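Notes for the one structure printed next.
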Amino acid sequence: MSNYRIISASDTSKSLDLNGNIPQEGQKIQIWPQNSTTAQVWVVNPHEGGSYSIQSGNDGDLGYGFFQAAKQDQGEPVVYTRLAWLWNIKHVSDNEYRLETEDGQFALTVTSDEDDTVSISPMSHIPSTSLLVLKLNPKVMIDNVQENLDRQRWKFDPPLPGN
């Protein structure tokens, strides 16, 4: 059992984060700029058969919960829960891993830039020559495993043993 920060390989300035560091059932797990809070500390526990549970490092009254999707389905958001969810941690390159569901069908994924923008059309009564585009913070979800997708690659800090 060791503590890690789980960093997005597609944007190494951001880590998995328990939103607001609030360990309550259904609380959103997000990708957020790295900071030194326990919201970004994850405890990786090995299980029989080579799978792992990944728990929050928050040790409050409801702390040490896990992250999981409500169901194994493409596009499901990842949330905090008291129910254990097992992951396969698949080595894909130097200190980069893909976190896959036990059946290997889905992987922990950061939404793409295209998924994280909202376009707002100008109002007809306000003269404007361009469209307003707001960039939102990327989300964390599970999606179908895609072998070479950077948004499904994660780094562990400190590095996992053996790497």
Among 21, 58, 95, which is touching a helix residue (DSSP H, G or I) at 6+ places or on another chain (Cβ under 6 Å) and modelled with pLDDT under 90?
-> 58
Check segment 128-136 and report whether any residue there is modelled with pLDDT under 90, exposed (fewer than 12 other Cβ atoms within 10 Å of the Cβ) and either in contact with a helix residue (DSSP H, G or I) (Cβ under 9 Å, 6 or more places away or on another chain) or within 19 Å of residue 16 (Cβ to Cβ) (or both).
-> yes
Output yes when any residue across segment 59-77 is over 18 Å from residue 142 (Cα atoms) and not in a loop (DSSP other than H, G, I, E, B), and no when none is.
-> no
Under the condition of being under 13 Å from the mean Cα position of the chain (by Cα) and not in a strand (DSSP E or B), which residue from segment 35-57 is farthest from residue 154 (Cα to Cα)?
-> 39
Out of curiosity, is residue 58 surrounded by 15 or more Cβ atoms within 10 Å (Cβ to Cβ) and at positive phi?
-> no
Taking segment 70-82 and the residues there that are over 11 Å from residue 27 (Cα atoms) and touching a strand residue (DSSP E or B) at 6+ places or on another chain (Cβ under 7 Å), the one that is most open to solvent (accessible area, probe 1.4 Å) would be 74
Working only within segment 25-54, note down all residues that are more than 24 Å from residue 103 (Cβ to Cβ) and polar (S, T, N, Q).
-> 27, 30, 34, 35, 36, 37, 38, 40
Search result, residues across segment 11-50 that are small (Gly, Ala, Ser) and either farther than 19 Å from residue 90 by Cβ or open to solvent by less than 60 Å² (accessible area, probe 1.4 Å) (or both) | 13, 15, 20, 26, 36, 39, 50
So, in segment 98-120, of the ones that are assigned to a loop (DSSP other than H, G, I, E, B) and either modelled with pLDDT under 85 or aromatic (Phe, Trp, Tyr) (or both), which residue ends up nearest to residue 4 (Cα to Cα)?
-> 111
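The values are calculated or read from the model by the stated rules, or taken from the named source; none is laboratory data. Note that this is a predicted model, so its numbers are computed, not measured. Using ideal geometry, Cβ is built from the backbone for each residue, glycine included, and neighbour counts are taken over all protein chains shown. Just the protein is used for accessible areas: all its heavy atoms, side chains included, with ligands, DNA and RNA removed. Shrake-Rupley method; radii C 1.70, N 1.55, O 1.52, S 1.80 Å.
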